[in-house]
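Coordinate-derived values only; no laboratory data. Nothing here was measured: the structure is a model prediction, and the numbers come from that model. Methodologically, a virtual Cβ is constructed for each residue, glycine included, from the backbone with ideal geometry; neighbour enumeration extends over all protein chains shown.
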Amino acid sequence: MKTVKAGKIREQAAAELDKRAGEIREELFKLRFQHATGQLENPVRLRTLRRELARVLTVRQEAGSRSAKPAERQGRVVEEQARRLTSGAGEDAGRPGRRHADGQDPRS
């Protein structure tokens, strides 16, 4: 099968992109089953479809970013940064606490 170029994908409407993404996902699902059962005739098709799905999703994301005004995009970035700061996702988030031999946390 011939590779679909991003330029051709960009020419499609958002509804067509969503429909195509669904079709690709369905075909990938079927191919994964064929691969697991040893019935897959063309394993390269899996890679081709994954890449095509990535192209479709990238173009759809780009279209969404272009449609938002720059001020709205900036507002979303600022909101995301504020959310991260207030959610406790600072430098120590997710790391186990350091303890001295006496059980005290040296950072407090």
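Among T48, A82, F33, whose Cα projects farthest towards the positive end of the dipole of the range 6-84, with charges put on the beta-carbon of Lys, Arg (+1) and Asp, Glu (-1)?
With unit charges placed on the Cβ atoms, the residue in question is A82.
Can you list the residues, at least 5 places off or on another chain, whose amide H is less than 5 Å from the amide H of L40, using H built in the peptide plane?
H35
What is the Cα coordinate range of the range 6-84 on the first, second and third principal axes, sorted by size from largest, in whole angstrom?
51, 33, 17
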